[in-house]
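Just below is one structure, and these are the notes that go with it.
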Amino acid sequence: MDRPAEKDKRIKIIKAAVKVFSRKGFHQARVEEIAQLADVGKGTVYEYFSSKTELFQEMFKAGIRFYLDSLINDLSPDLSCKEKLSRIARLHLRFVSNYKDLAKITMTEHTYFNEDFRKWVWDYRAKKLEMLKQIIDEGIARGEFRNIDSQAVALVFMGSLGALFSPLIFSDDNINAKDLVEPALDVIMEGILAVKEQ
């Protein structure tokens with residue numbers, strides 16, 4: 001198990017890697033530059049990561065774990081299912097807004113993943129999908145949502161959030177995440193909310 005000082009050094013290297021990889025891409029990024037930004041020697045980087053590819057993949061894993069943990073930790077059981085989905089959408093856009101460098105790598109540099117890593121990413125995606133499906137199933141059972149295919153709704157919900165990535169990451173305009181997420185949420189919720197009898 002990493003000692004606190006070692007863990008801190010590892011985190012510093014990963015944070016530096018995010019900045020360098022997002023600015024230069026995988027091929028142009030140099031381990032020396034990452035080490036300099038992290039204020040460690042090049043040899044120290046290789047003490048924690050066997051190669052640039054491993055550093056890239058571990059950096060990506062850390063970002064995905066942080067993202068999913070942020071979602072899970074912010075969902076109170078007291079919230080309605082509609083509020084949970086809305087909270088997830090807003091957290092997703094806030095995360096992308098706050099961590100644009102990491103999000104940009106997610107969108108542009110995924111071709112450098114090996115098969116084991118692709119499986120790891122897919123498993124995490126499946127966890128998020130299952131979390132959404134459970135919320136939707138709960139909403140159906142509680143009468144909040146109409147009786148609808150929860151798997152299909154979860155996929156549409158995830159796809160909608162993904163589609164909102166690009167304008168925030170790649171546009172030079174100062175886009176407000178709230179301006180993007182609120183209309184999308186309105187469309188999705190109107191489609192799945194149970195119709196109340198008059």
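The values are calculated or read from the model by the stated rules, or taken from the named source; none is laboratory data. Because the structure is predicted, anything quoted here is derived from the model rather than measured. Please note: Cβ atoms are built from the backbone with ideal geometry, for glycine as well, and neighbour counts cover all protein chains shown.
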Determine, yes or no, whether residue 104 is modelled with pLDDT under 85, not in a loop (DSSP other than H, G, I, E, B) and not β-branched (Val, Ile, Thr). yes
Set 7, 19: member being assigned to a helix (DSSP H, G or I), touching a residue at least 12 places away in the same chain (Cβ under 8 Å) and outside the structural domain of residue 104 (by TED's automatic domain parsing): 19
Whether any residue in region 159-174 is within 14 Å of the chain's Cα centre (by Cα), at pLDDT below 90, in a helix (DSSP H, G or I) and farther than 30 Å from residue 54 by Cα is what I want to check. yes
Tell me, yes or no, whether region 54-73 has at least one residue that is over 24 Å from residue 16 (Cα atoms) and in contact with a Gly (Cβ under 9 Å, 6 or more places away or on another chain). no
Given 63, 25, which one is at positive phi and either in the same structural domain as residue 169 (by TED's automatic domain parsing) or at pLDDT below 85 (or both)? 25
